[in-house]
Amino acid sequence: MLVPILKQEHCLIASIQGELSDAELLLLRDQLVAQVRQHRSRGVVIDVTVLDIMDSFAARTLRSIAQMTKLLGAQTVIAGIQPEVAMSMVQLGLTLDHAMIAMDLEDGLALLRTRGARENDVGHQP
C-alpha cells in the first residue's frame with residue numbers, strides 16, 4: 001500500500017491508510033527524505049491514526065525518519081497515536097526521539113506553524 005505524500009506550504013503530510021509491510025515503511029522513509037530535500041520542506045507530519053498496532057520495526061523506522069529529516073532541516077511530527085499503541089510502545093520501551101507528537105493531523109500542522117513562526121520571529125529580531 002502506497003502512502004500518499006501531500007505538500008502543504010513548507011510541510012509534507014504522509015497519511016498512513018492501513019498496516020504497512022516493512023518494505024513499505026522503508027519506501028515511505030526514502031520517499032519522505034527525498035521529498036524533504038526536493039521541496040526544501042521545513043516540516044513533516046506522519047499521521048498514524050489508523051494504526052492499531054506499532055511493532056518495533058515501525059517505531060524504529062519512524063524514529064529514523066525524524067532523525068534524517070532533522071539532519072535536512074525539517075521537523076517531524078507523528079500525529080494520531082492511539083492510546084493502546086502508546087501503552088504498548090511504553091511497555092516495549094519504544095521511543096520516537098527527534099519527533100514531536102500531536103493528537104491529530106490538525107494539531108500536528110499547528111505545531112509546525114507555531115515552530116515556524118517562532119523561528120521567523122527570532123530571525124527578524126533587530
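Structure data summary
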quantity	calculated
The chain, helix-only ellipticity at 222 nm - DSSP H runs n ≥ 4, -39,500 (n - 2.57), divided by all residues, nearest 500	-16500 deg cm²/dmol
Proximal charge balance of residue 47 [Cβ under 12 Å; K/R count +1, D/E count -1]	-3
Neighbourhood charge, 9 Å Cβ-Cβ cut-off, centred on residue 9 and excluding it, Lys, Arg +1 and Asp, Glu -1	+3
Computed over region 5-123: relative contact order in percent, which uses C-alpha pairs under 8 Å that are six or more apart	25
Linear extension gain, residue 84 paired with residue 24, 0.36 nm per residue minus alpha-carbon span	19.3 nm
For region 5-123, convex hull of alpha carbons as volume per residue, Å³	94
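Bear in mind that the values in this text are calculations on the coordinates, not laboratory data. Quick caveat: nothing in here was measured; it's all calculated off a predicted structure. Don't worry about glycine lacking a Cβ; one is built from the backbone with ideal geometry, like all the others, and counts go over all protein chains shown.
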